[in-house]
Amino acid sequence: MNKITNRQAICDVLLEKAKNDKEIVVVCSDSRGSGSLTPFANEFPKQFVEVGIAEQDLVGISAGLASCGKKVFAASPASFLTTRSYEQVKVDVAYSNTNVTLIGISGGVSYGALGMTHHSCQDFAAMSSLCGMRVYCPSDRFQTAKLVENLLKDEQPAYIRVSRSATEDIYDENMSFELNKANVLAEGSDVCIVACGEMVPYALKAVKELNEKGISAGLIDMYCIKPFDVNTLLENIKGVKLVVSIEEHAPYGGLGSIVAQTLSKYQPTPLLELNLPDEHLISGTNKEMFAYYGLDEKGIVEKVLENL
């Protein structure tokens, strides 16, 4: 079982790249520990900035550093980064087109036991709505590493959501990766599942179980929420009876909404949206919450069978 988190994968890439690139800077809001970025702070103290619990300052300072030519990675809990500092993200990063990669750590219900104040179930919607902002939710450590390596090559704003816990390996270090192009993990003629982030391992297990039950199920890892890979979706839903979107997000403005918009515009197909409900959620571990809201493999299979 993999024990390396996606946030640690980000730190590992930045540590390696910073050896030969002094323009890489990491900025944290009292979150170096929870962001697994302490090793970077220790190794490159002159390329690390701690602003304390001040998310608005985090984003403003990051944008200022980027305007001076730095490649900035700003990390903070997703629940605070995408709410408290929303205006700064909108104006200083997205509108100003600064080279800042925002890292929303412990996204979704990673902080499950701490309750709704720490849940981040609106971040896809909030960040996707900003003109000029890209939104990513990688599934495992290998995809996360490839994503960061690619983002270091351009100078455009981006938001990455990562979970708190380690997810099961979906890929390996030799995986094929193209920025803004989704990965097709399975092809199916009856059902096409579209998932992202921590939902991908559950969806992959569900696909295997559905295939064992005689249902041909496909799976797309749509890590790129924005820009959304329309072509890969349309290529993989031809002839299917049902499309299923799965996300650790509220019903409005997330992956399911984008899939629905795409289907209605290009290829109308029945859609089942599996997500977190529009209500204040229960408290518990993320795995307990996934099971409670039907987002684990058991819940996915049951819902697909009911709706197919």
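What residue, of Ala126, Ala113, Ala63, is under 23 Å from Phe228 (Cβ atoms) and among the small types (Gly, Ala, Ser)? Show your work before the answer.
Values: Ala113 fails: under 23 Å from Phe228 (Cβ atoms); Ala63 fails: under 23 Å from Phe228 (Cβ atoms).
It is Ala126.
Looking at Gly107, is it in contact with a strand residue (DSSP E or B) (Cβ under 9 Å, 6 or more places away or on another chain) and at pLDDT below 95? Taking the combined requirement at face value, the residue satisfies it. Counting just the residues of the stretch 293-308 that are among the hydrophobic types (A, V, I, L, M, F, W, C) and either in a loop (DSSP other than H, G, I, E, B) or surrounded by fewer than 14 Cβ atoms within 10 Å (Cβ to Cβ) (or both), which one comes out nearest to the chain's Cα centre (by Cα)? This residue is Leu295. Contact map, the stretch 183-202: first residue among the small types (Gly, Ala, Ser), second residue assigned to a strand (DSSP E or B), Cβ cut-off under 6 Å, separation 6 or more or different chains; pairs are Ala186/Gly218; Ala186/Leu219; Gly188/Ala217; Gly188/Gly218; Ala195/Ile246. Within the stretch 52-67, does at least one residue satisfy the condition of being open to solvent by 50 Å² or more (accessible area, probe 1.4 Å) and among the hydroxyl-bearing types (Ser, Thr, Tyr)? Scanning the stretch 52-67 turns up at least one residue that is open to solvent by 50 Å² or more (accessible area, probe 1.4 Å) and among the hydroxyl-bearing types (Ser, Thr, Tyr). Ser120 passes every criterion in (1) modelled with pLDDT under 95; (2) surrounded by fewer than 22 Cβ atoms within 10 Å (Cβ to Cβ) apart from (2).
Assess whether Ser76 counts as being crowded, with 24+ Cβ neighbours inside 10 Å and part of a loop (DSSP other than H, G, I, E, B). Here the answer is no, as Ser76 does not meet what is asked. Count of the stretch 79-98 residues, restricted to those that are open to solvent by 60 Å² or more (accessible area, probe 1.4 Å), outside any helix (DSSP H, G or I) and touching a residue at least 40 places away in the same chain (Cβ under 8 Å), is 2.
Look at (1) on the phi > 0 side of the Ramachandran plot; (2) touching a helix residue (DSSP H, G or I) at 6+ places or on another chain (Cβ under 7 Å) and you find that Gly239 fails only one, number (2).
Residue-by-condition table, conditions (1) under 22 Å from Thr144 (Cα atoms); (2) part of a loop (DSSP other than H, G, I, E, B); (3) modelled with pLDDT under 95:
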position	(1), (2), (3)
Glu209	no, no, no
Ser245	yes, no, no
Pro251	no, yes, no
Gly256	yes, no, no
Thr269	no, yes, no
Glu273	no, no, no
Ala291	no, no, no
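When restricted to residues that are closer than 22 Å to Glu279 by Cα and of a type in the set (A, V, I, L, M), the stretch 75-104 contains 2. Counting the residues of the stretch 211-238 that are more than 26 Å from Leu151 (Cα to Cα), part of a strand (DSSP E or B) and in contact (Cβ under 8 Å) with a residue 60 or more places away in the chain gives 1. Only one of the numbered conditions (1) in contact (Cβ under 8 Å) with a residue 24 or more places away in the chain; (2) assigned to a helix (DSSP H, G or I); (3) open to solvent by 50 Å² or more (accessible area, probe 1.4 Å); (4) polar (S, T, N, Q) is not met by Gln261, and that is (1).
Looking at Ile193, is it open to solvent by less than 10 Å² (accessible area, probe 1.4 Å), within 30 Å of Ser67 (Cα to Cα) and either assigned to a strand (DSSP E or B) or among the hydroxyl-bearing types (Ser, Thr, Tyr) (or both)?
No: the conditions fail for Ile193.
The values are calculated or read from the model by the stated rules, or taken from the named source; none is laboratory data. Not measured: the values here are computed from a predicted model. Heads up, the Cβs are rebuilt from the backbone with ideal geometry, glycines too, and the neighbour counts pull from every protein chain shown. To get the accessible areas, we keep the full protein, side chains included, count just its heavy atoms, and leave off ligands, DNA and RNA. Shrake-Rupley method; radii C 1.70, N 1.55, O 1.52, S 1.80 Å.
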